[in-house]
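The block underneath contains the structure these notes are about, expressed in structure tokens.
The values are calculated or read from the model by the stated rules, or taken from the named source; none is laboratory data. Owing to the predicted nature of the structure, the values given are computational and were not obtained by experimental measurement. FYI the Cβ positions are ideal-geometry reconstructions off the backbone, even for glycines, and counts take in every protein chain you see.
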Amino acid sequence: TLPADCPPDVERLGNSTWTLLHTIAATYPEKPTGMQKDDLRGFMATFSRLYPCWVCAEDFQDYMKKDKLKVEGRKEFGNWLCEAHNEVNRKLGKKEFDCSKWEERWRTGWKDGRCD
Ligand code: FAD
């Protein structure tokens with residue numbers, strides 16, 4: 001990876017972007033209003049077109065066509081996003097993430113106190 005003061009490569013851009021996306025999931029309401037659901041749908045649709053790694057964006061748009069975005073609540077969106085990230089992990093030959101643990105990783109902190 002390049003030093004932090006150089007333009008980001010695909011890895012650093014991806015790592016930072018997943019941090020933003022999973023953190024949006026972590027702070028998304030359990031019971032969102034109609035407007036919050038619309039915001040998330042709009043954000044994800046725009047994101048999937050603007051993401052500045054064009055091959056990544058194209059594949060992500062295809063993924064969103066076959067596995068429809070879930071905006072009904074935090075758990076639904078968080079799990080959907082975890083599955084989407086796992087699809088990319090598989091494509092890149094990375095380890096799959098256990099989606100039963102996404103809230104520990106991104107919202108509550110690990111049960112063993114690692115983030116305290
Ligand atoms: P990352 O995959 O960036 O993950 C960051 C952290 O998230 C991990 O350390 C882990 O703690 C946690 N995590 C891992 N998996 C999950 C999961 N399923 N759910 C929740 N948390 C998880 N790169 C390419 O080379 N080609 C592509 O086509 C491509 N497409 C991408 C599409 C999108 C939408 C995004 C956001 C990124 C894409 N990337 C792509 C970048 C790639 O996914 C990684 O971000 C990059 O390779 C850096 O990987 P990393 O090892 O730092 O971990």
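Taken together, Lys70, Lys65 contain a single residue that is farther than 22 Å from Lys111 by Cα and surrounded by 12 or more Cβ atoms within 10 Å (Cβ to Cβ), which is Lys70. Screening Cys56 with (1) under 15 Å from Ala84 (Cβ atoms); (2) out of contact with any Leu (no Cβ under 9 Å at 6 or more places or on another chain); (3) surrounded by 11 or more Cβ atoms within 10 Å (Cβ to Cβ); (4) not hydroxyl-bearing (Ser, Thr, Tyr) gives one miss only, at (2). It is to be established whether one or more residues within the stretch 82-90 are in contact (Cβ under 8 Å) with a residue 24 or more places away in the chain, closer than 22 Å to Arg12 by Cβ, in a helix (DSSP H, G or I) and among the charged types (D, E, K, R). Yes, there is a match, as at least one residue in the stretch 82-90 is in contact (Cβ under 8 Å) with a residue 24 or more places away in the chain, closer than 22 Å to Arg12 by Cβ, in a helix (DSSP H, G or I) and among the charged types (D, E, K, R). Here Val55 meets each of (1) closer than 17 Å to Gly14 by Cα; (2) touching a residue at least 60 places away in the same chain (Cβ under 8 Å) with one exception, condition (2).
Pairing each residue of the stretch 13-40 that is of a type outside the set (Val, Ile, Thr) with any residue that is loosely packed, with under 11 Cβ neighbours inside 10 Å and part of a helix (DSSP H, G or I), provided the two are 6+ apart or on different chains, yields C-beta distances under 9 Å for Ala26/Thr108. Considering (1) in a loop (DSSP other than H, G, I, E, B); (2) under 24 Å from Val10 (Cα atoms), the lone condition that Asp112 does not fulfil carries the number (2). Among residues of the stretch 92-116 that are more than 16 Å from Ile24 (Cβ to Cβ), those with a beta-carbon under 8 Å from a residue that is of a type in the set (Phe, Trp, Tyr) and more than 7 Å from the ligand (Cβ to nearest atom) at least six positions away or on a different chain give the pairs Glu104/Trp110.
Within the stretch 73-97, the residues that satisfy the criterion of being surrounded by 13 or more Cβ atoms within 10 Å (Cβ to Cβ) and of a type in the set (D, E, K, R) are Arg74, Lys75, Glu76, Glu83, Glu87. In the stretch 13-34, the condition of being modelled with pLDDT of 95 or more and farther than 30 Å from Asp116 by Cα is met by at least one residue.
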